[in-house]
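Chemist: What follows is a single structure, and I will ask about it in a moment.
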Amino acid sequence: MSDQNEIPLWEVFIRPRNGLSHRHCGSLHAVDATMALNAARDVYTRRGEGQSIWIVPSADITASDPQEKDANFEPSESKIYRHPTFYEVPEEVGHM
Amino acid sequence: MYSQGLIGADSSSEETPEFLAEFQKRIDREEKIEPNDPMPSGYRKTLVRQIGQHAHSEIVGMLPEGNWITRAPTLRRKIALLAKVQDEGGHGLYLYSAAETLGVSRKQMTEELLSGKAKYSSIFNYPTPTWADMGAIGWLVDGAAIMNQIPLCRCSYGPYARAMVRVCKEESFHQRQGYEIMISLAHGSPEQKEMAQDALNRWWWPSIMMFGPHDSDSTNSDQSMAWKIKRFSNDELRQKFIDATIPQAEYLGLTVPDPDLKWNPEKNDGKGGYDFGAIDWDEFWTVVKGGGKMNVDRITARQKAWDDGEWVRDAALAHAKKQTAKKASATLAAE
Ligand SMILES: [Fe+2]
Ligand SMILES: [Fe+2]
């Protein structure tokens, strides 16, 4: 029976401590969310790595296509007027 | 625990020379390659093979030490060994996950381990008849593994490199707890010291072999180095390991079983290093090909774990499906 039914893959995100965001730290297989949370706790937080865990079914993640990287992310390079250094403020005005 | 110099990967690629050159440029710029990036088929195959072998080694590596958990001499030693073996299971998981990003499933990898198609580090095909073996394994086998794995933290494939960072953080306690066992025995009664010496005698050469064949006989090495999957050659890592380990053996007052071992001040560009005797490669290949003392036992144990666990996997999956269906019908009824 386990032949046709693979146990699904989950992505694990851990918040190292309050004040920081959850960060991707790995994956694991589990049949449901409860099992995934328990396994994530056992595997990824054995040495005080975290205080909060998120788990997400890997299949539910939609990723951008790395082949479209240039089209997607190039504008952040060419639109220099989005950066503070583009604007001239006289020195006597001081730090701004 | 451990990855062995890769045995038998096919690194040939079918892509155009332009594509391969472009990919090589990315590697040369030290860019990391991530799962969905275009990559040569040989790069993918080499990684799947290597990460798979590495993952299997972690999992099979739990067996020789698991053998002693219930018989550890004190509670302190027992909790340490239990924690170490648990870590190795975790290492297996990180590595299977890294391999899965390349399009193989864990189930497929498990089947290849059980069928004998996939290899694991031959070191685990040696038996662990005495408690001193727990010391020697932590000290030498995990020590050699660390030597191998530290450069893998800078591997060009992102998920493998990230898994290695986690693994390396956890490994150093493994080696220290093993060395501590060796210190207790080597500085204990004459019988205990003899036991420590006997373990060193049995584990020394297999540990040296963990770095894989000599560079001159290692067919995949050059391509793996060019792709920055590997950062140092088998022989370079082996030399580093020997140079780091001999002073530790001296501190224990134990003798490394190599009559040809000798300090050579000219070695390592004048920094000095140890010359060592000829490695018995016939033994190495015999064990790789299944002729080690424990090859059959190891795979039998993994097969039994897989078979005995089947009903658990099936029941858990059936339960999850039932819960999902129940929730769906409850939502329908409420609407
Ligand atoms: Fe490990
Ligand atoms: Fe280890």
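The values are calculated or read from the model by the stated rules, or taken from the named source; none is laboratory data. What you see is a predicted model, and the numbers here were worked out from it, not measured in a lab. We place every Cβ from the backbone using ideal geometry, glycine too, and count neighbours over all the protein chains shown. Just so you know, the surface numbers come from the protein's heavy atoms only, side chains and all, with ligands and any DNA or RNA stripped out. Shrake-Rupley method; radii C 1.70, N 1.55, O 1.52, S 1.80 Å.
Chemist: Per the helix-only calculation at 222 nm, which mean residue ellipticity applies to chain B, given -39500 (n - 2.57) for every DSSP H run of n ≥ 4 and division by its residues, nearest 500 deg cm²/dmol? Don't skip to the answer; put the middle values down first.
Modeler: Values: 14 runs with 211 residues, N = 335.
Calculated at 222 nm, the ellipticity per residue is -20500 deg cm²/dmol.
Chemist: Order A:H24, B:H56 by their accessible area, 1.4 angstrom probe, all chains in place, largest first. All intermediate terms of the calculation are to be shown ahead of the outcome.
Modeler: Numbers: A:H24 95, B:H56 5 Å².
Result of the area sort, largest leading: A:H24, B:H56.
Chemist: With θ taken as phi - 60° and the coefficients 6.51, -1.76 and 1.60, list the Karplus ³J(HN,Hα) couplings across segment B:52-58 in order, rounded to whole Hz; mark glycine and proline as x.
Modeler: In residue order, the calculated couplings are x, 4, 5, 4, 4, 5, 4 Hz.
Chemist: Buried by at least 40 Å² relative to the chain on its own: which residues of segment A:63-78 qualify, computing accessible area with a 1.4 Å probe on protein heavy atoms?
Modeler: A:P66
Chemist: Mind putting a number on the dipole of the protein assembly as shown about its Cα centre? Charges go on the C-beta only, +1 for Lys and Arg and -1 for Asp and Glu, and I need it in Debye to the nearest 20. Write down the numbers at each step before the final one.
Modeler: On the way: 50 positive and 61 negative charges, 306 e Å.
Its charge dipole is roughly 1480 debye.
Chemist: Keeping all protein chains in position, work out how much accessible area A:S27 exposes to a 1.4 Å probe, and write it in Å² to the nearest 10.
Modeler: Approximately 10 Å² for this residue.
Chemist: Taking the alpha-carbon distance from B:K117 and a cut-off under 18 Å, which lysines remain once sequence neighbours fewer than 8 residues away in the same chain are dropped?
Modeler: Excluding near neighbours in sequence, the set is B:K45, B:K107, B:K289, B:K304.
Chemist: Let me ask another. So with the 1.4 Å probe, I'd like the accessible area per residue for chain A, rounded to whole Å². Kindly include the intermediate steps, with their values, before the conclusion.
Modeler: Numbers: 7220 Å² over 96 residues.
On a per-residue basis, chain A sits at 75 Å².
Chemist: Once the other residues with Cβ under 11 Å from the Cβ of B:Q108 are scored (Lys, Arg +1; Asp, Glu -1), what is the net sum?
Modeler: Numbers: positive: B:R106, B:K107, B:K117; negative: A:E6, B:E100, B:E111, B:E112.
Overall, the nearby charge balance is -1.
Chemist: Using a 1.4 Å probe on the heavy atoms of the protein chains only, list every residue of segment B:154-179 that has 30 Å² or more less accessible area in the complete assembly than in its chain alone.
Modeler: SASA drop of 30 Å² or more in segment B:154-179: B:R166, B:E170.
Chemist: With a 1.4 Å probe and all protein chains left in place, how much accessible area per residue does chain B have, in Å²? Spell out each step's value before the answer.
Modeler: Details: 15260 Å² over 335 residues.
Per residue, chain B has an accessible area of 46 Å².
Chemist: Using the Cβ atoms and a cut-off under 12 Å, what net charge is assigned to the surroundings of B:A305, where Lys and Arg are +1 and Asp and Glu are -1?
Modeler: Numbers: positive: B:R298, B:R302, B:K304, B:R313; negative: B:D307, B:D308, B:E310.
Charge balance near B:A305 sits at +1.
Chemist: If you take the accessible area of B alone plus A alone and subtract the pair, what total do you get in square angstrom, rounded to 100, with a 1.4 Å probe? Walk me through the intermediate numbers first.
Modeler: Values: alone 16300 and 8290 Å², together 22480 Å².
Summing both chains' loss of accessible area gives about 2100 Å².
Chemist: Report Rg/Rh for the protein assembly as shown, rounded to two decimals, where Rg is the Cα radius of gyration and Rh the Kirkwood radius. Let's see the in-between values first.
Modeler: Details: Rg = 24.8 Å, Rh = 24.2 Å.
So for the protein assembly as shown, dividing Rg by the Kirkwood Rh gives 1.03.
Chemist: Give me the tail of P(r) for segment A:3-93 as a percent: Cα-Cα pairs with distance above 22 Å. Show your work: numbers first, answer last.
Modeler: Details: 2217 of 4095 pairs.
Pairs farther apart than 22 Å: 54 percent.
Chemist: Sticking with this one: If you roll a 1.4 angstrom probe over the protein chains with everything in place, what fraction of the accessible area of segment A:3-93 belongs to carbon and sulfur, to the nearest %? Walk me through the numbers before you get to the answer.
Modeler: Working: 3400 of 6710 Å².
Here it works out to 51 percent.
Chemist: Given chain B reduced to its alpha-carbon atoms as identical point scatterers, what log10 I(q)/I(0) does the Debye formula return at q = 0.12 Å⁻¹?
Modeler: -0.88
Chemist: Segment B:309-328: which residues show an accessible-area loss of 30 Å² or more, assembly versus chain alone, 1.4 Å probe?
Modeler: Relative to the lone chain, where solvent access is computed with a 1.4 Å probe, segment B:309-328 loses at least 30 Å² at B:R313, B:D314, B:A316, B:L317, B:A320, B:K321.
Chemist: Take peptides B:323-333, B:246-256 and line them up by average Cβ neighbours within 10 Å, highest first, as a rough protection proxy. Could the numbers behind the result be given before it?
Modeler: Details: B:323-333: 9.8, B:246-256: 15.5.
Taking the mean over residues of other Cβ atoms within 10 Å, the ranking is B:246-256, B:323-333.
Chemist: Net charge around B:E65, counting only other residues with Cβ within less than 9 Å of its Cβ (Lys, Arg = +1; Asp, Glu = -1)?
Modeler: Result for the local shell: -1.
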